[in-house]
1. For residue 87, which of the numbered conditions (1) within 30 Å of residue 50 (Cα to Cα); (2) crowded, with 18+ Cβ neighbours inside 10 Å; (3) touching a residue at least 60 places away in the same chain (Cβ under 8 Å) fails to hold?
2. Take the range 313-348 and flag every residue that is more than 29 Å from residue 12 (Cα to Cα) and surrounded by 15 or more Cβ atoms within 10 Å (Cβ to Cβ).
3. Give the range 202-220 a look and list any residue that's in a loop (DSSP other than H, G, I, E, B), within 9 Å of residue 188 (Cβ to Cβ) and more than 36 Å from the chain's Cα centre (by Cα), or say none.
4. Considering only residues of the range 99-128 that are touching a helix residue (DSSP H, G or I) at 6+ places or on another chain (Cβ under 8 Å) and farther than 17 Å from residue 225 by Cα, which is surrounded by the most Cβ atoms within 10 Å (Cβ to Cβ)?
5. For the list (1) without any contact (Cβ under 8 Å) to a residue 12 or more places away in the chain; (2) at positive phi, I need the number of the one condition that residue 241 fails.
6. Just to check your reading of the model, which residue among 285, 277 is modelled with pLDDT of 95 or more and surrounded by 20 or more Cβ atoms within 10 Å (Cβ to Cβ)?
7. For the range 166-177, give me each residue that is in contact with a strand residue (DSSP E or B) (Cβ under 6 Å, 6 or more places away or on another chain) and either modelled with pLDDT under 95 or part of a loop (DSSP other than H, G, I, E, B) (or both).
8. Helices (runs of 4 or more DSSP H) wholly in the range 11-100 with at least 3 residues that are under 18 Å from residue 112 (Cβ atoms) - which ones?
């Protein structure tokens, strides 16, 4: 069964609002309005049976495009207004964090949401903030270009991921890696004052030795979900990333239009999984990013076409042309065997998104037919709907969520079933 996750940055307003309230990212009124709007969209998604909602981690967005510097806090806040909707991030930029602190914060958020948390991870591509926040870790953003900076970023991502998994699953945590040691120094932390009175009696066995030296630590609390929340990877589209996801049982969320390229990446995921003894069916554990525009049945074809083009111009252009294209993400719209720049000079963005398959639009029946064809070819587990709430007007956005949730999702058995209780005990 395929589930639907809403990817909502969130954004503080459309281009008119960003211009009128420059810098809107510093506006308290705009932020409060955004929070109220997010509550509304989360409650609608909850009622309609969507599986989850997710936000990015980005900092210093004075422009107002991606206002989510603390997505875990947003997850917990919004989770208070929902009953079954899962809340997550696509994704937390691991190289910019201390792994133990992040593992703790994720575990606490998982408890606060009682298992309705999922965790997305990313390496980070925005130098403006990552170069600043990562300076003490000697890490910067990456363009995946195999440079020294890229290799350093990859090292910290991999090491932090390994530490976090150990922190969640092992009562006594020790680690000796290239950039991080637990304990530090690895020989132990001597002269722990309450070794005999408290830690030796009540702490993790082996945490402190008979000489009062700390030999390992335990991260508290462990996650509510056992062994940890479901893990996702944000918008990867390289063979290496898909292989890693398969090896580590991490759900990729692929930003790619071409079915041929998607199929190849999904097969690489299976190969990675098989190398670790897992054998998922084709499409199992896979997420694919799409944008949907849905209109009521009976809407004339020419009107649907005009509405999609207008919507793309107003709500997609600022994101795809103003933002994604500047960071190379339009490569996901490249057609099979296509050469040269994408989009082509003078090409309307709506044509590019539709022709590449990244945008699925039409009447309810049109969208049903297109999704049915997609899933017959690529039976994935998750659609990640790039839903630009904040750009899209409230009523228009809620109406599309309603049409999709009530008229389309039931056709494919999409119910947004509650998260299983996978923890809560010892």
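1. That leaves (3) as the condition not met.
2. Result: 334, 335.
3. Answer for the range 202-220, where residues must be in a loop (DSSP other than H, G, I, E, B), within 9 Å of residue 188 (Cβ to Cβ) and more than 36 Å from the chain's Cα centre (by Cα): 209, 211, 213.
4. Per the criteria, the residue is 124.
5. (2)
6. Selected residue: 285, the only one of 285, 277 that is modelled with pLDDT of 95 or more and surrounded by 20 or more Cβ atoms within 10 Å (Cβ to Cβ).
7. Residue satisfying the conditions is 174 alone.
8. 28-48, 71-79
The values are calculated or read from the model by the stated rules, or taken from the named source; none is laboratory data. Keep in mind that what you see is a predicted model, and the values were worked out from it rather than measured. All Cβ positions, even for glycine, are placed from backbone atoms using ideal geometry, and neighbour counts span all protein chains on display.
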